[in-house]
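J.: Handing you a structure now.
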There are 2 protein chains.
Amino acid sequence: MADTTGDDLTGALIDLFREVDALFSAVSRRMGITPQQAQLLCFAQHRQPSFGEAATLLHCDKTNVTGLVDRLQRRGLLTREADPHDRRVTRVHLTADGEELTGDFQDAVDTAVAARFASWPAADRAALLPLLRAATTALRA
Amino acid sequence: MADTTGDDLTGALIDLFREVDALFSAVSRRMGITPQQAQLLCFAQHRQPSFGEAATLLHCDKTNVTGLVDRLQRRGLLTREADPHDRRVTRVHLTADGEELTGDFQDAVDTAVAARFASWPAADRAALLPLLRAATTALRA
DNA sequence: CCTGGACAGTTGACACTCTCGACTAAATGG
DNA sequence: CCATTTAGTCGAGAGTGTCAACTGTCCAGG
């Protein structure tokens, strides 16, 4: 209930959001990190984000990133590296331990998702993926 | 990148999750409450959950709910009501202010979602809703 | 040059979230 | 009637998140 468009798209989005959140949190916890830490580690895997970029990616204030990085660095999962082109910026690099933990985390999430969709017909799964991407783009606007 | 099934369903789910999270958080903030408080208020609108039920719905420990309710009660958005059938349980009831704020919150989210999907063809929107629901059910397993 | 404004990260203060273990009170079932 | 279970609370402690104020660096315009 509670809707404007006649269909309850909002409710469906939030229900899905809650399930993904639950899965993501459960796996994070099992790995001994918080969901926010998991997110930062995943970002740091592809790029080597500056603190400001990390803040943007995480949708939070840059001052928050300082503490987040502090805790992960204390555990040896990442390091702060000076940016060679701009001495103001510090970049986040994963350590070998960080890479391993991040890989394990992603594998665990992938496995869990794959298991839950294992019984889906290929046609449904094929239809879902582009719609999810389109919905994401729509929401980003 | 990072995937088991060939398609990157996991990535798409997490991307969508992040957008919904961003929207939900932004609206909560605009309303002067936290996302967790918003969730609890929404639940309390339909049912009158006990603390344990609230904890289950919010995927968190019951001790967390005590503080959550404390803060919302201090702001006059809800009350603790004794359950007539079991004197151990306390139920959460929204006040008039709480109902109003919750309604405003839901309207704001609905409006934002509707606006972002306004340009979607009806056919796409019709296809999206059942797939979202099915995906939610799949993940719940 | 060199100075002022913009930008990157840090710090301290503060509120909220979240969990754990220990506790009280009430229900329940031998 | 007593043992157990269940509901909520409390205190301690770690993490998340914001804000305002600060330092250091970069990059113009004068």
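The values are calculated or read from the model by the stated rules, or taken from the named source; none is laboratory data. It should be emphasised that the depicted structure is a prediction, and the values quoted were computed from it without experimental measurement. Here Cβ is always computed from backbone atoms with ideal geometry, including for glycine, and neighbour counts include all displayed protein chains. The area values use the complete protein model at the heavy-atom level, side chains included, leaving out ligands, DNA and RNA. Shrake-Rupley method; radii C 1.70, N 1.55, O 1.52, S 1.80 Å.
J.: Treating the point 7 Å from Cα along Cα-beta-carbon as the label, what are the nm separations from B:Asp104 to the other copies, to one decimal?
T.: Once sorted, the set of distances for B:Asp104 reads 4.7 nm.
J.: Once you've got the GNM for chain A with C-alpha springs shorter than 10 Å, pick whichever of A:Ala126, A:Ala115, A:Ala44 has the biggest mean-square fluctuation.
T.: Comparing A:Ala126, A:Ala115, A:Ala44 in a Gaussian network model of chain A, the most mobile one is A:Ala126.
J.: If you count, for every residue in A:19-26, the Cβ atoms of partner chains within 10 Å of its Cβ, what is the mean? Numbers along the way, then the final one.
T.: On the way: counts 10, 11, 4, 3, 6, 3, 2, 1.
Going residue by residue through A:19-26 and averaging, the value is 5.
J.: Under a point spin-label approximation (7 Å from Cα along Cα-to-Cβ), what is the B:Trp120-B:Arg71 distance to one decimal in nm?
T.: My value for the distance between the label points is 3.2 nm.
J.: In nm, what does the list of distances from A:Asp86 to its counterparts in the other copies look like, shortest first, when each label sits 7 Å along Cα to Cβ?
T.: Between copies, matching label points for A:Asp86 lie 5.7 nm apart.
J.: Enumerate the amide H contacts of A:Arg91 below 5 Å, restricted to partners 5 or more residues apart or on another chain; note that Pro and chain-start residues carry no placed amide H.
T.: Close amide H contacts, sequence-distant or interchain: A:Glu81, A:Ala82, A:Asp83.
J.: With chain A treated as a Gaussian network of Cα nodes joined by springs under 10 Å, which of A:Ala123, A:Ala114, A:Ala22 yields the largest mean-square fluctuation?
T.: A:Ala123
J.: For the protein assembly as shown, build the charge dipole from Cβ charges (+1 Lys, Arg; -1 Asp, Glu) around the Cα centre, then report which of A:Pro35, A:Ile14, A:Phe24 sits farthest towards its positive end.
T.: Going by the Cα projections, it comes out as A:Pro35.
J.: How high is the FRET efficiency from B:Arg80 to A:Thr63, r the C-beta distance, R0 35 Å, rounded to 0.05? Can you show the working numbers first?
T.: On the way: r = 36 Å, r/R0 = 1.02.
Between B:Arg80 and A:Thr63 the formula returns 0.50.
J.: So for chain B, averaging the separation of alpha carbon pairs under 8 Å that are six or more residues apart and normalising by length, what relative contact order in percent results? All intermediate terms of the calculation are to be shown ahead of the outcome.
T.: Values: 101 pairs, mean separation 27.4, N = 141.
Rounded, it is 19 percent for chain B.
J.: To continue, here is another question. Just to be sure I understand the interface: list residues from the stretch B:35-65 that lose 50 Å² or more of accessible area between the chain on its own and the complete protein assembly, 1.4 Å probe.
T.: Listed by number, the residues meeting the 50 Å² cut-off are B:His59.
J.: If the viscosity is 0.692 mPa s and the temperature 37 °C, what translational diffusion coefficient in µm²/s does Stokes-Einstein give for the protein assembly as shown when Rh comes from Kirkwood over Cα pairs?
T.: Once the numbers are plugged in, D ends up at 159 µm²/s.
J.: B plus A alone minus the pair: what accessible area, both sides summed, probe 1.4 Å, in Å² to 100? Working shown, then result.
T.: Details: alone 9810 and 9830 Å², together 14620 Å².
Looking at B and A, the buried total is near 5000 Å².
J.: Continuing with the same structure: List, in order, the whole-Hz ³J(HN,Hα) value for each residue of the stretch A:20-37 obtained from phi through the Karplus relation with A = 6.51, B = -1.76, C = 1.60 and θ = phi - 60°; use x for Gly and Pro.
T.: Going residue by residue, I get 4, 4, 4, 5, 4, 5, 5, 5, 4, 4, 4, 7, x, 10, 8, x, 5, 5 Hz, with x marking Gly and Pro.
J.: Moving on. Cα convex hull of the stretch A:10-140: mean projected area in nm², to one decimal? Don't skip to the answer; put the middle values down first.
T.: Working: hull surface 38.1 nm².
Spelled out: convex hull of the Cα atoms, projected over all directions, averaged, 9.5 nm².
J.: Here's another thing I want to ask about it. Would you please name the GluC sites (Glu not before Pro) within the stretch A:80-141 that are DSSP coil residues with at most 15 other C-beta atoms within 10 Å of their C-beta? Kindly include the intermediate steps, with their values, before the conclusion.
T.: Working: sites: A:Glu81, A:Glu99, A:Glu100; in loops: none.
Sites meeting the loop and neighbour criteria: none at all.
J.: On the protein heavy atoms, probe 1.4 angstrom, tell me the percent of accessible surface of the stretch B:11-89 carried by carbon and sulfur. Before the final figure, lay out each step's value.
T.: Numbers: 2060 of 4240 Å².
Carbon with sulfur: 49 percent of the solvent-accessible area.
J.: Still on this structure: What does the net charge come to around A:Ala138 if you take all other residues with beta carbon closer than 13 Å to its beta carbon, with K and R at +1 and D and E at -1? Could the numbers behind the result be given before it?
T.: Values: positive: A:Arg133, A:Arg140, B:Arg116, B:Arg125; negative: B:Asp15, B:Glu19, B:Asp124.
So the surrounding residues net to +1.
J.: Output ³J(HN,Hα) for the stretch B:51-61: one whole-Hz value per residue in order, computed from phi by the Karplus curve 6.51 cos²θ - 1.76 cosθ + 1.60 with θ = phi - 60°, and x for Gly and Pro.
T.: Once θ is set to phi - 60°, the couplings for the stretch B:51-61 become 4, x, 4, 4, 4, 4, 4, 8, 6, 9, 6 Hz.
J.: What's the FRET efficiency of A:Thr34 with A:Val89 using the Cβ-Cβ distance as r and R₀ = 22 Å, to the nearest 0.05? Spell out each step's value before the answer.
T.: Working: r = 25 Å, r/R0 = 1.13.
My answer for the efficiency is 0.30.
J.: Label position 7 Å from Cα toward Cβ: report the copy-to-copy distances for B:Arg133 in nm, one decimal, ordered from shortest.
T.: 2.6
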